[in-house]
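Take a look at the structure below.
FYI, it's all coordinate maths here, none of it is from the lab. Owing to the predicted nature of the structure, the values given are computational and were not obtained by experimental measurement. Positions of Cβ are backbone-derived with ideal geometry, glycine not excepted, and every protein chain shown enters the neighbour counts.
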Amino acid sequence: MTLEYDTRRKSQFMNQNTIEVARANAGLLAPVVDWSDMGEVGHFVQFYERDEFLVESVSGFIGAALRIGDAAIVIATESHRQALDERLKKQGFDVNGCRATGRYVPLDAAQTLAQFMVNGAPDSRLFRETIGSVMARASKGGRRVRAFGEMVALLWAEGKGDAAIQLEELWNDLARTYSFSLFCAYPMEAFRGVSNGKPFVHICQAHSRVIPAESYAAQGDVDERLRSISLLQQKASSLEAETEERKHAEAARHAEQTRLNMAVAVAGLGIWEIDLVTNSLICSDQCKTHFGVEPHEPLSYERFLGLVHPDDRAEVQEVLRAAMDGNKDYEAEYRIIDPHGSLRWIASRGRCFHNGSHRMLGVALDITERKQAAEILEQTVMERTAELHETIAELEAFSFSISHDMRAPLRSMRGFADVLLRECGDKLPPEYRSYLERIAASGERMDRMIQDVLTFSRVARTELNLEPINLEHLVRGILECYPNLQMPQAEVVIEGHLPAVIGHAAALTQCLSNLLGNAVKFVALGTQPSVRVWAEFCPPAGGAAARAPRKSPGRTVRVYVQDNGIGIPKEAQAKIFTIFQRLNKNYEGTGIGLAIVKKAAERMGGKVGLTSAPGQGSTFWLELKAADASGA
């Protein structure tokens, strides 16, 4: 049955209420509740806020009928029927006498409604049989009938709005057969909320007359009613705007929630919450999956602890309790033994909240695959380390072989070449003597190269025990041991005091002897080498070097070796600390010395560098951690 308003029936009802229409046209702006002026036919609805007002209205409607000898049908709740009887008696009506003559027919709304409801909706045939028979008896003898019913209000209160509107239409259909005036009533609070807007309009359209609630109908002054209408219009407009804003906000919130849910799902995060007062635990389905629990299964705090691996349980409890008691963030990794016996690794994080309730909210992530990958990686590292140790052992054996087995033939070659040069050199043609000299020089160079390679290997692999080194004593000792660093071959000057450093004596000796040896070797032909050596403290932050106080924790010492040599092009400076790099073939060398310096400096926790330009000499520096003055 359609819920739209029947315009033909409405026209019929309105024609019967000419007085009412006239008063409305006169500008009263609202129906006047004068029950004596009611026509024979009409279907109106009363909205009310208080039960007392409803009973007062119904008593006026029914009393007006009984006063002129008409019949009245009341289909209401028990409390409303009792209140109506009391009100009618106070008005002087013989309620029992009217009931006995059939002019007053009170019926229970719930019981009457049950007689024609089928599957939650009113049945038109049963309605006509039930209500039509009552209407026929009441109108016997040509009596006019007035009826009050709140069965529709019961349906509305049960959430059956469509059924209520269908029942209103059934009353309108019954009016085609019987002439009666029908009074329906709804509590206004039943229509609170935006969702009841359209159903409210349908209710109004199903009636020929709509009477507002008492807070409006009681206003008799036209100006007051106009102000009320304007206020209601403003409220309606504001409500529409607020509703629209809420729709946009709800749409934005829904979109944000969708993005959050997708992010949580993609990340595989399980969400959990612990009530800090009751220790009750709430988990998302993903969180239960991490713990090996089916989504429909309950998971309490105690059961969760029971799933934690026995070796991890005490620690998890301790960390959780410490976070709860100290209002701190919670973070833990632990193993779970799920109900199927499988072992899983879980990473959990949580934070306490005290915004009206005391709870800890957190997330859980299954990191089993990550842990397994880490175990595989650790095992691989162990295996590779073992292989590396084996390789190092083989290299050490190879180094030993080079040191003893390869150098022995070289010594023989050099020895025989020297004998030939000494014994037969004068007898050989110049060309053959040159060949022998080359053989001797190559053998000597090969021997030096082997020694340098062994030195580099030793520096790279030997454990260096670092200790305070008296740098000034070390440098002066090197100068005394190497004739080529003394006058008249070279001029080496130590400027100022050289402070103590943290290093390894042998490795540091190797570094400085190489730097000093290069400083006097790589000079132009006919130039006497001139070398300056000094040291400066560097601040902890690595700022510019400065002659600062000796005692300062975290400082470093930078030792400088400056020469007047041939210099090094800028583009070649990055290569010279690489093994086997020889930039100038006119000078003897293996190309390993500076590589040894760099490796030794790094092993001692320091570094090396230089500034240089072709024809302007070079300044090499070696930086190491400064020692305490007491270690000097």
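General remarks:
- Cross-link reach list, aspartates and glutamates versus Lys140, counting only Cα pairs under 18 Å and skipping chain neighbours closer than eight places: Glu40, Asp70, Glu129
- Fewest neighbouring Cβ atoms within 10 Å first, the residues Val277, Val319, Val41 line up as Val277, Val319, Val41.
- Sorted fewest first by neighbouring Cβ atoms within 10 angstrom, Leu421, Leu508, Leu281 come out as Leu421, Leu281, Leu508.
- For Gly503, distant residues with modelled amide H under 5 Å away: Glu467, Ile469
- Annotation: the residues Met262, Met135, sorted from fewest to most other C-beta atoms within 10 Å of their own C-beta, follow the order Met262, Met135.
- Legend: residue pairs Lys160/Lys198; Lys247/Lys328; Lys371/Lys607; Lys521/Lys598; Lys427/Lys521; Lys585/Lys625, Cα-Cα distance threshold 26 Å; pairs beyond threshold, Lys247/Lys328; Lys371/Lys607; Lys427/Lys521; Lys585/Lys625.
- With the simple model of a label 7 Å out from the Cα in the direction of the Cβ, Glu245 to Ser179 spans 5.5 nm.
- Derived scalar couplings between HN and Hα for region 139-150 equal 8, 4, x, x, 6, 6, 10, 10, 10, 10, x, 10 Hz in order, rounded to whole Hz, by the Karplus curve 6.51 cos²θ - 1.76 cosθ + 1.60 (θ = phi - 60°), x for Gly and Pro.
- Cβ-based net charge around Val559, under 9 Å, with every Lys or Arg adding one and every Asp or Glu removing one: -1
- Cleavage-rule hits, GluC sites (Glu not before Pro), region 486-543, DSSP coil, Cβ neighbours within 10 Å at most 15: Glu495
- Our estimate of slack between His497 and Tyr587, defined as 0.36 nm per intervening residue step minus the Cα-Cα distance, is 29.1 nm.
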